[in-house]
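Structure first, then comments.
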Amino acid sequence: MIKKFLFVPLMVLAACGSKHNNSTDGFITVNLRDCVDKTTVTELADEIKDVSYVSLEMTDDNASLIDGVANFVVSEKYIYVLPAKEMRVALFSRSGKFIRTLIRQGQGPGEFSGTICNMQLDEKNNKLYLFDIQDIWVYTTEGEFIEKKHHDYMSILSYELADNKIGAISFPFSPFDKTSFGMGIFTWDGKPVKTDNKMFYSSKLPKEKTGFTTDMAAVYSDFNSSILFKCGSNDTVYRIKSDVIEPAFSVKLENSDRQTVRALDVTDIMSMRTLEDKNDMVVTDIMETNNSYYLRFRFNHTNHVAAINKKDGAVKVEKCLQPKEYMEMAGINILQGMSGTQSYKGFPIWGKVFGNTLVQVITPYELSVYKDQVSISIPPELQNVDEDGNPIFVFYLLK
């Protein structure tokens, strides 16, 4: 039985300012370290106008059982799920009805091989993309195989951008001096259009040891059909578009030299198994809405959310509820869907933005851990959820 205790976050009503450089595009720099000790709640609630809750159906078909979600995309009709412990794509309706296993891993017709790193949906052009380290598998939104593309570069994360270009982030533990690739834009056939890694080198580490480790955050954004990316050694968040890689904004973290080396030293494989020093800050997730950038970052091994206003650079930092140690929470839900802001009706929110919808994924067991160990507001729709049930998708319609 889980021991109950009350976790009360620090709620001091405060907002931190920002500093702008002299560029004409209003480039924003914020100092998170100035704000982390003045935590409040973000203003995500001001961007939400409606919410709906969808539990994924469990049927007599074992294929309907989803033991955690590693990745997902949504359309107007469907929810596509990559289960955490199975390499396949399961298809549900937007109302949560199980339809079928849409795409299987294997060597047969229409099946994919390898390990899927991320998915992308192009509903307008009726395409579903599955990205492997060196392959792109393309299907229709109904699961019919279209084509497979192989590329020479190795990527931990890729997305199709505009103009038939691919934006990619280099695979971790691959030295820059051998790959010449950190962030990149490539043609559909795998030819480099633009690659960049020079801003990630450090005088604290030999070049032959320099690359990316696991301390990275990246997300596809519908704004400019782009990727937002941040490395653990650099304070700048970059935007990768089909024709340019450019700084989007900067967060001053003032981390230790040890963290800079930890984020870049590809010869230190143990960085995959250890957490950063408690005084360092590591950005792990990014969301972008019409009004704000949202960063989820660890400080003192606890998740925090920073909301950065795009217009004036005003920033608010909120300390997330965390009923167990960080690594334990990741084991309960790899997406850590409830490690987020409580600004909307007191229920913790974090997720991915698709168009005008923020989609949160929580597991029933994750919900039960929060209910038992912290003080939160549970929506009526979630108060009687079966702990052994399938994951729940929460759709927040944005203004």
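Laid out as a table, the results:
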| item | result |
| --- | --- |
| Share, in percent, of DSSP beta bridges within the chain that are antiparallel, nearest 5 | 95 |
| R104 - accessible surface, heavy atoms, 1.4 Å probe, Å² rounded to 10 | 130 |
| Packing-based ranking, highest mean first, of 286-294, 43-51 given that Cβ atoms within 10 Å are counted | 286-294, 43-51 |
| Difference of contour (0.36 nm per residue) and Cα-Cα distance, S180 to K207 | 8.6 nm |
| Helix-derived mean residue ellipticity, 222 nm - over the chain, DSSP H n ≥ 4, -39500 (n - 2.57), to 500 | -2000 deg cm²/dmol |
| Centre separation in Å (Cα based) which lies between the range 79-136 and the range 238-287 | 29 |
| Point-to-point label distance, E254-T274, nm (Cα→Cβ direction, 7 Å offset) | 2.5 |
| Environment charge of T101, counting only residues whose C-beta is closer than 15 Å and scoring Lys/Arg +1, Asp/Glu -1 | -3 |
| Sulfur and carbon atoms: percent of accessible area, the range 263-319 [1.4 Å] | 44 |
| Dipole magnitude of the range 244-354 about its Cα centre (Cβ charges: Lys, Arg +1; Asp, Glu -1), debye to nearest 20 | 420 |
| Gained length - N384 relative to K97, 0.36 nm times residue gap less alpha-carbon distance | 101.4 nm |
| Local electrostatic count, Y396, Cβ distance below 9 Å [Lys/Arg +1, Asp/Glu -1] | -1 |
| Per residue accessible area of the chain, 1.4 Å probe, in Å² | 44 |
| Global geometry of the range 191-309, whether rounded, prolate or oblate, following the gyration tensor of its Cα atoms and the 1.5 cut on a/c | oblate |
| Max mean-square fluctuation residue, GNM over the chain, Cα-Cα springs under 10 Å, options S155, S250, S113 | S113 |
| Cut-off 17 Å (backbone N to label point 7 Å along Cα→Cβ of D152), residues of the range 111-146 | 134-136 |
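The values are calculated or read from the model by the stated rules, or taken from the named source; none is laboratory data. Bear in mind that the values here come from a model prediction, so they are computed numbers and not experimental data. Neighbour counts run over all protein chains shown; Cβ positions are idealised from the backbone, glycine included. Ligands, DNA and RNA are stripped out before the accessible areas are found, and what is left, the full protein with its side chains, is counted by its heavy atoms. Shrake-Rupley method; radii C 1.70, N 1.55, O 1.52, S 1.80 Å.
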